[in-house]
Amino acid sequence: MRAYVPDYKLRSPATLGEALEALANEPGIWKPFAGGTDLMVLLEAGKLTHKRYLNIWNLKELRGIEVNDSHVTLGALTTYSHVQEHPVLKTEFPMLCQAASETGSLAIQNRGTVGGNIVNASPAADSPPALLAYDAELELVSTAGARWVPYRHFHTGYKQMLLRPEELLSRIRVARTTKDLQQYYRKVGTRKAQAISKICFAATASTNNKTVADIRIVLGSVAPVPLRCFKTEDSLRGRSIDPVTIEQAKATLAGEIVPIDDVRSTKQYRLTVSLNLLADFLSRISRQA
């Protein structure tokens, strides 16, 4: 059953300041509407419960990709297509570009935004695992000012996050420290394209004298949030990768993720594939160390 469109109101502020004023004056009443790729699906299905939206699509303050010597900073309205086209992202952050290329159709990639993918807070989203593996930071803005938060702390529960009702996600920042990192990204879905992930796995690692100096492991679709696997990471730092280490890491990961049965997959499938992807990633580290 479709939603009744006249029940909804879409307001288009001319500036970021005007948008933030609306959020501050009526917190919780107005919600941001960017690319709309998820919201329009809910509208068509008659399941879009919130009725008041701020159209932020045309706010120039939330657009653009900035590069300096230490960081790349993406405006929240950066689309998946823009990600794929940017030369620095293609060279230094290939996992994010791969995630963007595997998100939906070309139409979705032209309209969907990196910021929207984050604040939609789906545990099955494609770009959050890559951003978490790059240890991204998020800028949250309101009429009271701006604050940067580590992305690894942003998701606090299913569809819950540190974003306050009066705040907008403004920018996403990643450090240009990927030169010597080994990077690994895999999305497993029903099809090779236009599929919601059953498993999404993103990881980075650096080695020193054949031991793991640092490592980040992130999985999607195995928990209520995109999951940074801190316990598994801790079990691997300072160790050389051999069959015993791999089996111990798999056992740690099995206790850290909480996959479920749903319409897309089963708990057992998600668990098995997650452990296999971890083993594949670690084997690659061992071969290249």
Here is a list of conditions, (1) hydroxyl-bearing (Ser, Thr, Tyr); (2) over 30 Å from Asn120 (Cα atoms); (3) over 22 Å from the mean Cα position of the chain (by Cα), and Ser206 meets all of them except one; can you say which number that is?
(3)
Any idea which residue in the stretch 47-68 is surrounded by the fewest Cβ atoms within 10 Å (Cβ to Cβ), counting only those that are in contact with a helix residue (DSSP H, G or I) (Cβ under 7 Å, 6 or more places away or on another chain) and in a helix (DSSP H, G or I)?
Glu61
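A quick yes/no check of all residues on (1) among the polar types (S, T, N, Q); (2) farther than 20 Å from Leu131 by Cα; (3) crowded, with 17+ Cβ neighbours inside 10 Å:
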| position | (1), (2), (3) |
| --- | --- |
| Arg228 | no, no, yes |
| Glu233 | no, no, yes |
| Asp242 | no, yes, no |
| Glu247 | no, yes, no |
| Ala254 | no, yes, no |
| Asp262 | no, yes, no |
| Val273 | no, yes, yes |
| Leu278 | no, no, yes |
| Phe281 | no, no, yes |
Breaking point among (1) farther than 18 Å from Ser170 by Cβ; (2) in a loop (DSSP other than H, G, I, E, B); (3) not assigned by TED's automatic domain parsing to the domain that holds Trp148, for Thr103:
(3)
Can you give me the number of residues within the stretch 161-187 that are more than 16 Å from Leu96 (Cα to Cα), more than 14 Å from the chain's Cα centre (by Cα) and either not in a strand (DSSP E or B) or not small (Gly, Ala, Ser) (or both)?
8
Quick check on this structure: which one of Gly116, Gly145, Gly112 is at positive phi and not hydroxyl-bearing (Ser, Thr, Tyr)?
Gly145
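Only residues that are touching a residue at least 40 places away in the same chain (Cβ under 8 Å) and either buried (at least 16 other Cβ atoms within 10 Å of the Cβ) or over 12 Å from Pro165 (Cβ atoms) (or both): list them for the stretch 25-46, please. Spell out the reasoning first.
Going residue by residue through the stretch 25-46, those that are touching a residue at least 40 places away in the same chain (Cβ under 8 Å) are 27-28, 32, 34-38, 43-46.
Scanning the stretch 25-46 gives Pro32, Ala34, Gly35, Gly36, Thr37, Asp38, Leu43, Glu44, Ala45, Gly46.
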I want to confirm something. Restricting to the stretch 209-237 and keeping residues that are of a type in the set (S, T, N, Q) and more than 20 Å from Ala125 (Cα to Cα), which single residue is farthest from the chain's Cα centre (by Cα)?
Asn209
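Take the residues in the stretch 119-136 that are assigned to a helix (DSSP H, G or I) and of a type in the set (Gly, Ala, Ser), then tell me which one is nearest to Val83 (Cα to Cα). First the steps, then the outcome.
Taking the stretch 119-136 and keeping what is assigned to a helix (DSSP H, G or I), we get 119, 127-133.
Filter once more, keeping what is of a type in the set (Gly, Ala, Ser): 127, 130, 133.
Details: Ser127: 11, Ala130: 13, Ala133: 16 Å.
Residue satisfying both the conditions and the ranking: Ser127.
Where residues in the stretch 94-113 are under 16 Å from Lys187 (Cβ atoms) and hydrophobic (A, V, I, L, M, F, W, C), which of them is surrounded by the fewest Cβ atoms within 10 Å (Cβ to Cβ)?
Pass one, the stretch 94-113, residues under 16 Å from Lys187 (Cβ atoms): 94-105, 108-109, 112.
Add one more test, that the residue is hydrophobic (A, V, I, L, M, F, W, C), and what stays is 95-97, 99-100, 108.
Working: Met95: 24, Leu96: 31, Cys97: 21, Ala99: 28, Ala100: 26, Ile108: 16.
The qualifying residue surrounded by the fewest Cβ atoms within 10 Å (Cβ to Cβ) is Ile108.
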So Ser122 fits all but one of (1) modelled with pLDDT of 95 or more; (2) under 13 Å from the mean Cα position of the chain (by Cα); (3) outside the structural domain of Arg270 (by TED's automatic domain parsing); what number is the exception?
(1)
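The values are calculated or read from the model by the stated rules, or taken from the named source; none is laboratory data. Here the structure is a predicted model, which is why all the values come from computation and not from measurement. FYI the Cβ positions are ideal-geometry reconstructions off the backbone, even for glycines, and counts take in every protein chain you see.
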